[in-house]
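Remarks on the structure that follows.
Values quoted throughout were computed directly from the atomic coordinates according to the rules given, and no laboratory measurement underlies them. Model, not experiment: these values are computed from the prediction. Heads up, the Cβs are rebuilt from the backbone with ideal geometry, glycines too, and the neighbour counts pull from every protein chain shown.
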Amino acid sequence: MPTATPSGRYSVFAIARQALRQHQNWGRAWVSPEPRERYKVVIVGAGGHGLATAYYLGKNFGITDIAVIEKGWLGGGNTGRNTTIIRSNYLQDPSAAIYDKSLKLYETLSQDLNYNVMFSPRGLIMLAQTEHEVRGYKRTVYANNLQGVSTEWIEPARLKELVPIINLDGPRYPVLGGLYQARGGTARHDAVAWGYARACSDMGMHIIQNCEVTGIETDSGQVRAVNTSKGRIGCEKLALVVAGHSSQLAEMAGFRLPIESVALQALVSEPIKPCMDVVVMANTVHGYLSQSDKGEMVVGGGTDGYNNFTQRGSWHHVEETVRALVETFPMISRLKMLRQWGGIVDMTGDRSPILSGTPVGNLYVNCGWGTGGFKGIPGSGWAMAELVANGSPGPLAADFGLGRFREGRFIDESVAAGVAH
Amino acid sequence: MLILTCPYCGVAAEETELQPGGEAHLKRVGPEGSDDELEGYLFARKNPKGVHFERWRHAYGCGKWFLAARDTATLQVYGTYKAQTTHPPADVVSEIRKSRPDWQPDWTQAE
């Protein structure tokens, strides 16, 4: 049985030591205490974004009197349901800034957390399959160069070298080139949540699973406590960092968010030998493909067009995605699909996230990451920690406030990124 | 697959024939509206986990816009009705009550 003691530092020596003891004494990666009556900061949602927020509150601001509460299990929402793609080739400056901060943090995250998140900067290509997309992606490359984000435009010949299994002359949409970000890639999604959880637990924070929020208590416009399935938990500051159910939590606090919840699906194939060592996204036909370390082809597609909280989506979207990918990568046509799943993503009108204060004092929201939340986890946590600690947003979060909808200052990525985000 | 019956042409249309159009019964905000009202009209959707009234277009059929009552938590369809109404009709409401006896409409019938 694993003990309830903290796990200590992971290293090759720790493995050797434990090997001598038949691996009987590995400590738990994080402790799961019962909630106390009160914390300085309560974070709702122990997914990647919530745990990263807690971690950077501790690391950058020395705040460790924190509870991260989660209605299900840790990382069991969208953190465990995405296609693990990481990139920062966004068109708008505020997006490029926060996603590139995120990518830079990912690059050293394993060392930082002392937990192998298996970050694999294998490179990422977004295919241009129409003249419009060629112009759009060239524009993004120019914008990225001005933002200090290294991306490049590549011609079909170079693309074929990078992705030998691609069919450039598809019957419907020939591949005309691509937007290439060599620093982009993938990471192990569960490990990101687990690594942050372990680091938070080591700092003395409480991670409380199976603890559903049933109400938010306010007094004179200030947040006072959350009522949960494990009782009332008082707090000085409250951060709502959930995906999918952001609207429901906001309603408990008495305000409405510019968000709609829809299902996004993904699927993986049986494992095959290594055949593709980059991530390929095809936005015209709504499909993206990468190969996991286990050899499975990981497939992502488009969102459904209607509100849904059931974590399962429309069959015809899967069909559409697979059809497009088979056309682009003919060799996958005989692959059997092993698993298919859906996650509930919260979509904003401009397809950019919300990191913001709210009408309720000391209550902050981090939501609206839509279909692209995983890549944003470290940067989101970094910016959210700054917002919660100081009560006002830092440079990364400043443009992502709720006020932008009222004022018309959109960070419009819906045109730039399309649906595959 | 989601199937909605078009109240105009009567066809039981599969999802691939339909185009979703978001929340129904929104009240337009005119030039006299405040900034708050305009923001609410444009962005603040109800996004309920449960009964949802929404607009759909029978895009690959008769082409008409109609309204549907659907449950976002169970995916049950309670009924469809014509777009020229300010509130869901009584038969749709009673269909909702069969599955969700505690559900309360957020409008008053007199309006």
Relative to chain A, whose Cα atoms define the longest principal axis, helix A:377-390 and its Cα axis are tilted in degrees, nearest 10, by 40
Give me the net charge of A:Val278's neighbourhood, meaning all other residues with Cβ under 15 Å from the Cβ of A:Val278; Lys, Arg count +1, Asp, Glu -1.
+1
Which of B:Val77, B:Val93, B:Val29 fluctuates most in a GNM of chain B (C-alpha springs under 10 Å)? That residue is B:Val29
For A:Gly215, enumerate residues with amide H under 5 Å from its amide H, sequence gap 5+ or separate chain, H modeled in the peptide plane.
A:Asn227
Taking H placed 1.01 Å from N in the peptide plane, check which residues at least 5 places from A:Thr186 or on another chain put their amide H under 5 Å from its amide H.
A:Ile86, A:Ser120, A:Arg122
Can you run phi through the Karplus equation (6.51, -1.76, 1.60; θ = phi - 60°) for region A:175-188 and list ³J(HN,Hα) in whole Hz, with x for Gly and Pro?
7, 9, x, x, 8, 10, 10, 5, 7, x, x, 9, 8, 7
With N denoting the number of residues in the protein assembly as shown, provide Rg(C-alpha) divided by 2.2 N^0.38 Å, to two decimal places.
1.00
Low-density loop cleavage sites - trypsin sites (Lys or Arg not before Pro) in region A:300-405, where at most 11 other Cβ are within 10 Å (DSSP)
A:Lys336
Expressed as an acute angle from 0 to 90° and rounded to the nearest 10, what is the orientation of the C-alpha long axis of helix A:189-202 relative to the principal long axis of chain A?
20
Phi to ³J(HN,Hα) by Karplus 6.51 cos²θ - 1.76 cosθ + 1.60 over region A:133-138, Hz, x for Gly, Pro
5, 4, 5, x, 6, 4
I want to verify a result. In a Gaussian network model of chain A, Cα cutoff 10 Å, which of these has the top mean-square fluctuation: A:Arg87, A:Arg188, A:Arg36?
A:Arg36
Taking Cα centroids, how far is region A:1-77 from region A:352-421 in Å?
25
If the reach is capped at under 20 angstrom between alpha carbons, list the aspartates and glutamates near A:Lys237, excluding any in the same chain fewer than eight residues apart.
A:Glu34, A:Glu37, A:Asp65, A:Glu70, A:Glu212, A:Glu217, A:Asp219, A:Glu251, A:Glu386
Hey, which of these cross-link pairs are over 32 Å Cα-Cα: A:Lys375/B:Lys98; A:Lys294/A:Lys375; A:Lys71/B:Lys98; A:Lys230/B:Lys49; A:Lys101/B:Lys49; A:Lys71/A:Lys101?
A:Lys375/B:Lys98; A:Lys101/B:Lys49
Let's test this: bin the Cα-Cα distances of region A:200-254 at 5 Å from zero up to the farthest pair and state each bin's percent.
4, 17, 27, 27, 16, 7, 2, 0
Karplus ³J(HN,Hα) for region A:207-213 (6.51 cos²θ - 1.76 cosθ + 1.60, θ = phi - 60°; Hz, whole; x = Gly/Pro) runs 10, 10, 8, 6, 10, 8, 6
Ranked by Cβ crowding within 10 angstrom, fewest neighbours first, how are A:Thr140, A:Thr228, B:Thr108 ordered?
B:Thr108, A:Thr228, A:Thr140
Test item: Cα-centred dipole of chain A, Lys/Arg +1 and Asp/Glu -1 on Cβ, debye:
880
How far is helix A:48-61 tilted off the main Cα axis of chain A, in degrees rounded to 10, range 0 to 90?
60
For A:Lys160, give me every one of the aspartates and glutamates with a C-alpha distance below 13 angstrom, ignoring sequence neighbours fewer than eight places off in its own chain.
A:Asp169, A:Asp277
Peptides A:98-110, B:94-106 ordered by average Cβ neighbours within 10 Å, highest first:
A:98-110, B:94-106
In bins 5 Å wide, starting from 0, what share of all Cα pairs of region A:48-168 does each bin hold, as a percent?
2, 9, 14, 17, 18, 15, 11, 7, 5, 3, 1, 0
